[in-house]
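Enquirer: One structure coming up, written as structure tokens, with questions to follow.
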Amino acid sequence: MGFFWEGLPPFLLSWSATQLAAPVIAVETGTFSGDTAQLLAESFGKCITIERSAQFAQAARLRFINESRVTVLEGSSRDQLPMAIPPRDVSSFFG
């Protein structure tokens, strides 16, 4: 039968947080409502999320207007990913 998680498995986040040296920036593609971006920010301290839909990106910007740990980039992942990749001296998690 197996296991099914909607989104990222919780054990993966907790294990990854112990394996990555601080600071860590999580990068997410496909923001939708922003729940996973919030979870990644809470788990790693910062999340950069990329959303192609202008409507969803705007909703996420409004949701995170007072949340400095989440940055919302609008556009395709192909175009925005180079701007989301953390510097070499920062650990990263891609979800």
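The values are calculated or read from the model by the stated rules, or taken from the named source; none is laboratory data. Just so it is clear, the structure is predicted and the values come from calculations on it, not from any experiment. Heads up, the Cβs are rebuilt from the backbone with ideal geometry, glycines too, and the neighbour counts pull from every protein chain shown.
Enquirer: Go through the stretch 33-77 and report how many residues are farther than 20 Å from LEU8 by Cβ and among the β-branched types (Val, Ile, Thr).
Expert: Of the residues in that region, 1 qualify.
Enquirer: Counting residues that are surrounded by 13 or more Cβ atoms within 10 Å (Cβ to Cβ) and in contact with a Gly (Cβ under 8 Å, 6 or more places away or on another chain), which strands (runs of 3 or more DSSP E) fully inside the chain reach at least 1?
Expert: It comes to 24-29, 47-51, 70-74.
Enquirer: Considering each of VAL70, VAL24 in turn, give the residue that is at pLDDT 95 or above and out of contact with any Cys (no Cβ under 8 Å at 6 or more places or on another chain).
Expert: Criteria check complete, one pass: VAL24.
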